[in-house]
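Accompanying notes for the structure given below.
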Amino acid sequence: MNRVHIKTYGCQMNERDSEAVAAMLPARGYRIVPHEDDCDILLLNTCSVRDAAEQKAIGKAGYLSARKRRQPDFILGILGCMAQNRGAALLDQLPDVDLIVGTQKFHQVPGYLDNLRAAQAAGVPIGRSIVDIAEEAGSQNTIKDHLLPDPEDATDADRQVTAFVSIQQGCNMDCAFCIVPKTRGDERSRPMDDIVRECEALAARGVREITLLGQIVTSYGRRDYTGIEGRSPFVQLIERVHAIEGIARIRFTSPHPRGFKQDLVDAYGRLPKLCGYVHLPMQSGSDRVLRAMNRPYSAARYREIVESLRAVRPDMYFSTDVIVGFPGETDEEFEQTRRLFEACNYDMAYIFKYSVRSGTPAAELADQIPDDVKETRNQVLLEILRQNSLRRSAQLVGKVENVLVEGRDKTGQHFMGRTDGNRVAVFDGDPRLIGEVVPLKIERATVSTLYGELVLAGVESAGC
């Protein structure tokens with residue numbers, strides 16, 4: 001009766017939080033199962049960035065309520081950003097939910113499940129749901145456990161060569177459209193030594209690529225550490241992770257444009273393990289809209305950052321976030337966004353139609369944009385992105401790219417990995433290559449995937 005399935009919505013931070021919860025549970029007698037139909041306890045780790053994300057999780061929880069009525073011992077929990085945002089009010093809509101846990105209380109989940117199970121074992125109806133969305137000092141330090149097998153015991157399917165490492169939580173930026181400061185709290189950084197020890201332990205267990213995570217990852221440690229010879233605490237952290245034996249690649253997300261000072265730009269030129277891929281949220285190409293969003297940079301400064309990074313690494317890959325249809329956005333202001341979006345030549349982008357988030361300043365603004373206008377603008381940027389991505393992929397055909405082999409692809413028939421520029425690559429290979437960085441000659445490409453043949457002496461391979 002202690003089989004747990006965790007379903008995660010939203011960003012990489014949520015994925016990391018879910019993994020940390022999953023890693024805590026086995027020591028308490030719980031077993032993580034991959035399919036929700038096989039579980040006795042189902043936890044939904046939720047997102048609140050857009051209303052659609054919340055509605056999706058609410059719909060799922062409502063559907064699961066019927067299962068709970070059929071199986072009285074089934075436990076249903078809601079974790080994360082939606083739990084933090086709505087709290088006990090969720091019970092008005094979802095009275096069958098047993099557990100509501102906010103973003104600073106993930107580490108309390110095992111204990112709360114113990115309490116619920118103990119009540120059931122004693123024949124006591126659960127009755128009142130457990131709700132905990134309180135702030136907790138030091139909670140950023142609790143997301144540190146990983147659900148990884150030992151390399152000696154891992155099968156091909158089990159081996160994990162990439163890992164997320166949470167270095168910071170919360171946000172002090174107060175963007176007008178964003179609910180994250182409410183759901184994640186104020187900015188809080190973990191001690192640098194703790195992060196480095198976590199990365200060292202991951203390397204010892206076969207992890208080859210680390211992705212550093214934070215709401216505004218480039219703000220890491222700014223209140224806790226001082227700069228050294230012009231290098232920010234974030235750059236100092238990258239340097240220390242870079243020095244760890246066994247780590248081959250370093251990525252990070254999500255930064256803020258104001259964090260790209262010269263020290264971080266220069267790091268791309270002197271730290272070869274720092275991947276040539278940058279996620280750089282733009283949000284808008286209109287200075288007036290950026291001011292209304294409370295984004296402290298101009299379109300010109302944003303373009304300057306992109307150009308400075310490409311000056312250091314001409315083959316740099318870029319992704320971004322853009323919001324279309326922010327309240328009051330005129331046709332000309334969208335045209336400014338379109339021009340900047342086209343000029344930056346993104347390889348990937350997350351393009352959002354603005355949605356009202358209750359409790360944010362933008363929710364109170366007049367001149368909300370009609371849905372059909374948002375959709376039209378959204379499609380314009382998506383088409384530019386499709387053409388950009390296809391063109392960049394086509395340029396790689398015939399070239400050799402270094403790929404970190406992560407394991408078998410979804411079909412189980414081939415292997416997959418990612419290039420330094422974060423492009424997915426599919427190829428034939430051998431299980432002994434998992435965790436290795438190998439040269440791959442690109443034979444063909446789609447918008448999002450590369451297909452190629454390994455360039456390795458002594459390894460038989462046929463292109464996919």
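Does S232 qualify as being without any contact (Cβ under 8 Å) to a residue 40 or more places away in the chain, surrounded by 19 or more Cβ atoms within 10 Å (Cβ to Cβ) and at negative phi?
Yes; evaluated as a whole, the condition is true for this residue.
Would you confirm, using the coordinates I've provided, whether G80 is at positive phi and open to solvent by 50 Å² or more (accessible area, probe 1.4 Å)? Give the steps one after another, and end with the answer.
On the way: at positive phi: yes; open to solvent by 50 Å² or more (accessible area, probe 1.4 Å): no.
Taking the combined requirement at face value, the residue does not satisfy it.
Is there a residue being touching an Asp or Glu at 6+ places or on another chain (Cβ under 7 Å) and open to solvent by 50 Å² or more (accessible area, probe 1.4 Å) anywhere in the range 368-382?
Checked against the condition, which is being touching an Asp or Glu at 6+ places or on another chain (Cβ under 7 Å) and open to solvent by 50 Å² or more (accessible area, probe 1.4 Å), the range 368-382 yields no hits at all.
Pick from A22, A27, A57: which is surrounded by fewer than 18 Cβ atoms within 10 Å (Cβ to Cβ) and either under 22 Å from the mean Cα position of the chain (by Cα) or at negative phi (or both)?
The conditions single out A27.
Taking the conditions exactly as written (without any contact (Cβ under 8 Å) to a residue 12 or more places away in the chain, open to solvent by less than 30 Å² (accessible area, probe 1.4 Å), outside any strand (DSSP E or B) and not basic (K, R)), does A119 satisfy them or not?
Yes: the conditions hold for A119.
In the range 256-278, how many are surrounded by fewer than 21 Cβ atoms within 10 Å (Cβ to Cβ) and within 17 Å of the chain's Cα centre (by Cα)?
Residues meeting the conditions: 1.
Within the range 61-92, can you find the residues that are farther than 20 Å from C47 by Cβ and in contact (Cβ under 8 Å) with a residue 60 or more places away in the chain?
D73
Residues that are under 18 Å from S18 (Cα atoms), in contact with a Phe, Trp or Tyr (Cβ under 7 Å, 6 or more places away or on another chain) and open to solvent by less than 20 Å² (accessible area, probe 1.4 Å): list the strands (runs of 3 or more DSSP E) wholly contained in the range 129-226 that include at least 2 such residues.
Answer list for the range 129-226: 209-213.
Restricting to the range 434-449, name every residue that is open to solvent by less than 20 Å² (accessible area, probe 1.4 Å) and among the hydrophobic types (A, V, I, L, M, F, W, C).
I434, V438, L440, I442
Would you point out the residue of the range 38-54, among those that are of a type in the set (D, E) and either at pLDDT below 90 or closer than 13 Å to N85 by Cα (or both), that is most open to solvent (accessible area, probe 1.4 Å)?
D51
Filter the range 407-419 for residues that are open to solvent by 40 Å² or more (accessible area, probe 1.4 Å) and either free of Cβ contacts under 8 Å to residues at least 12 places away in the same chain or under 19 Å from H279 (Cβ atoms) (or both) and give the result.
Of the range 407-419, the ones open to solvent by 40 Å² or more (accessible area, probe 1.4 Å) are 408, 410-411, 413-414, 418.
Of everything in the range 407-419, those that are open to solvent by 40 Å² or more (accessible area, probe 1.4 Å) and either free of Cβ contacts under 8 Å to residues at least 12 places away in the same chain or under 19 Å from H279 (Cβ atoms) (or both) turn out to be K410, T411, Q413, R418.
Yes or no: the range 22-36 includes at least one residue that is under 30 Å from F177 (Cα atoms) and either in contact (Cβ under 8 Å) with a residue 12 or more places away in the chain or part of a helix (DSSP H, G or I) (or both).
No: the range 22-36 contains no residue that is under 30 Å from F177 (Cα atoms) and either in contact (Cβ under 8 Å) with a residue 12 or more places away in the chain or part of a helix (DSSP H, G or I) (or both).
Considering only the range 86-94, I want to know if a residue exists there that is open to solvent by 10 Å² or more (accessible area, probe 1.4 Å) and either within 16 Å of T8 (Cα to Cα) or touching a Phe, Trp or Tyr at 6+ places or on another chain (Cβ under 7 Å) (or both).
Taking the range 86-94 as the starting set, the residues that turn out to be open to solvent by 10 Å² or more (accessible area, probe 1.4 Å) are 86, 88-89, 91-93.
Next cut, either within 16 Å of T8 (Cα to Cα) or touching a Phe, Trp or Tyr at 6+ places or on another chain (Cβ under 7 Å) (or both) only: none.
No, the range 86-94 has no match at all.
Counting just the residues of the range 147-168 that are at pLDDT below 95 and not charged (D, E, K, R), which one comes out nearest to L79 (Cα to Cα)?
L147
Output the residues belonging to the range 291-307 that are in a helix (DSSP H, G or I) and of a type in the set (S, T, N, Q).
Within the range 291-307, no residue meets the criteria.
Can you name every residue in the range 308-352 that is buried (at least 19 other Cβ atoms within 10 Å of the Cβ), assigned to a helix (DSSP H, G or I) and under 25 Å from the mean Cα position of the chain (by Cα)?
L309, T337, L340, F341, C344
Answer with yes or no whether N378 is of a type outside the set (K, R) and closer than 30 Å to E335 by Cα. Before the answer, list the steps.
Numbers: of a type outside the set (K, R): yes; closer than 30 Å to E335 by Cα: yes.
Here the answer is yes, as N378 does meet what is asked.
Taking only the range 370-402 into account, find how many residues are assigned to a helix (DSSP H, G or I), at pLDDT 95 or above and charged (D, E, K, R).
7
Quick one: N422 ticks every box in (1) outside any loop (DSSP other than H, G, I, E, B); (2) surrounded by 16 or more Cβ atoms within 10 Å (Cβ to Cβ) bar one, so which box is it?
With respect to (1) outside any loop (DSSP other than H, G, I, E, B); (2) surrounded by 16 or more Cβ atoms within 10 Å (Cβ to Cβ), N422 is out only on (1).
The values are calculated or read from the model by the stated rules, or taken from the named source; none is laboratory data. Just so you know, these numbers come straight off a predicted model, no measurement behind them. Don't worry about glycine lacking a Cβ; one is built from the backbone with ideal geometry, like all the others, and counts go over all protein chains shown. All accessible areas refer to the heavy atoms of the entire protein, side chains included, with ligands and DNA or RNA removed. Shrake-Rupley method; radii C 1.70, N 1.55, O 1.52, S 1.80 Å.
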